[in-house]
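The values are calculated or read from the model by the stated rules, or taken from the named source; none is laboratory data. Quick caveat: nothing in here was measured; it's all calculated off a predicted structure. Cβ sites come from the backbone with ideal geometry, for glycine too, and all protein chains shown count toward neighbours. All accessible areas refer to the heavy atoms of the entire protein, side chains included, with ligands and DNA or RNA removed. Shrake-Rupley method; radii C 1.70, N 1.55, O 1.52, S 1.80 Å.
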Amino acid sequence: MSRINLVECVPAELEALAGRLGQPRYRGRQLAAWLFRKDVLDLEAMSDLPKEFRHRLAGEASIVVPEVKRRTSSQDGSQKLVLSLADGAQIQSVLMPDADRLTLCLSTQVGCGFACAFCFTGTMGLGRNLTAGEIVGQLAAVRPTLPAGARVTHLVYMGMGEPLANYAATVKSLRLLMDPNAFGYSPRRITVSTVGLVSGIKKLARENLKVNLAISLHATTNPVRSRLMPVNRGWGLEDLLAACRSFPLPVRQRMTFEYVLLQEVNDSGEDALRLARLLRGIRAKVNLIPFNDWEGAGFRRPPPPRILTFQTVLLEHGITATIRWSKGEDIGAACGQLAEPASTERVPA
Ligand code: SAH
């Protein structure tokens, strides 16, 4: 039997575990405070827990989080972190500071199986799913490396992998992030991004988690979207947008549609018009992502005037649209650039 990883237990489970080990339930909450609030991942250091309890825990459970192996800083202040998992697999997370926020971009899989044509991570194929502990463990591993006083304020599931293809672990990780006795984040500070896995969107709708949803749309016709994103061959635009329309959006929240701009592929004025039409009736905002290049990509970023024109058309049709001049492009940490770690400075132990 594999040992329980304590960082993937919600506080209620830790309470039950304490009970099972002959302790009052509040010991489980104390344990949660050490793990999720104080970033103490060593049972020996949990000084208010009875020795006996710590001893029994050590016999039954372990505390495993990814380890920060390398960190690369970008000109723009963002940082790419290469993390290694217990089995030696590597993933990447990205820290992005912005005015009053610090956003951590989480991975949900080693690699990705969806093979979007413009995405570098997609060239790796799928290694494996991450566990919920490995997903929230990225936050637990990164936090102690932050400068004093700095706090991760927002979390986006936009690193390697497709969150909804690793559904159970993703949902468990969201519950851990939101539990007031665990990480305690408001759902409004969390965004799950999906390639457009309709079955997963429908399932997520029923969980009623109130987190933000982002859809990687990237095209306005089925032929183009199917060419760029093989997932579209199974669930076309109609199915995807119908699932979006019936997704229970909390009041005052909007759904984000991501749209990577690829020169002469999906960046015309007609595309912008079609996009506005497709999103009619959805409380939507559009995030335009000028393509981030990688070697051998075979796509180009449109020139700035064309990007601005695309945005203007959307704005003229009443669609909120922002341009995400990606962060971390110089260090291969921008959207769709995460793959095998480049050689960079090592984090001193
Ligand atoms: N699998 C999820 C999570 C990844 S999020 C999803 O598809 O939404 C990463 C975002 O960056 C996605 O919108 C993805 O389509 C986009 N992206 C991938 N490669 C890119 C590239 N080279 N340039 C700009 N954006 C890219």
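So here's what we get for this one:
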quantity: Long-range neighbours under 7 Å by Cβ, at least six apart or interchain, first residue without any contact (Cβ under 8 Å) to a residue 12 or more places away in the chain within region 16-44, second of a type outside the set (S, T, N, Q) and open to solvent by 60 Å² or more (accessible area, probe 1.4 Å); calculated: Gly19/Arg25
quantity: Cβ pairs under 7 Å, 6+ apart, first in region 208-231 and on the phi > 0 side of the Ramachandran plot, second near the ligand (Cβ under 9 Å from one of its atoms) and part of a loop (DSSP other than H, G, I, E, B); calculated: His218/Met229
quantity: Selected residue (only one of Glu207, Glu258, Glu238 is more than 25 Å from Gly159 (Cβ to Cβ) and either in contact with a Ser or Thr (Cβ under 7 Å, 6 or more places away or on another chain) or acidic (Asp, Glu) (or both)); calculated: Glu238
quantity: The lone exception for Ala205 - which of (1) in a helix (DSSP H, G or I); (2) farther than 23 Å from Leu278 by Cα; (3) in contact with a Pro (Cβ under 8 Å, 6 or more places away or on another chain) it fails; calculated: (2)
quantity: Count of region 259-315 residues which are within 12 Å of the ligand (Cβ to nearest atom), among the charged types (D, E, K, R) and either assigned to a strand (DSSP E or B) or farther than 18 Å from Cys116 by Cβ (or both); calculated: 0
quantity: Any chance Asp179 is acidic (Asp, Glu), closer than 26 Å to Ile135 by Cα, out of contact with any Asp or Glu (no Cβ under 9 Å at 6 or more places or on another chain) and in contact (Cβ under 8 Å) with a residue 12 or more places away in the chain; calculated: yes
quantity: Those residues of region 31-57 which are open to solvent by 40 Å² or more (accessible area, probe 1.4 Å), under 31 Å from the mean Cα position of the chain (by Cα) and either charged (D, E, K, R) or more than 30 Å from Gly328 (Cβ to Cβ) (or both), in sequence order; calculated: Arg37, Lys38, Asp39, Asp42, Ala45
quantity: Residue ranges of strands (runs of 3 or more DSSP E) in region 80-153 with at least 3 members modelled with pLDDT under 95 and of a type in the set (Val, Ile, Thr); calculated: none
quantity: Criterion violated by Ser62 - all others in (1) within 20 Å of the chain's Cα centre (by Cα); (2) polar (S, T, N, Q); (3) at pLDDT 95 or above satisfied; calculated: (1)
quantity: Meets criteria (more than 11 Å from the ligand (Cβ to nearest atom) and touching a Gly at 6+ places or on another chain (Cβ under 8 Å)) for Arg233; calculated: no
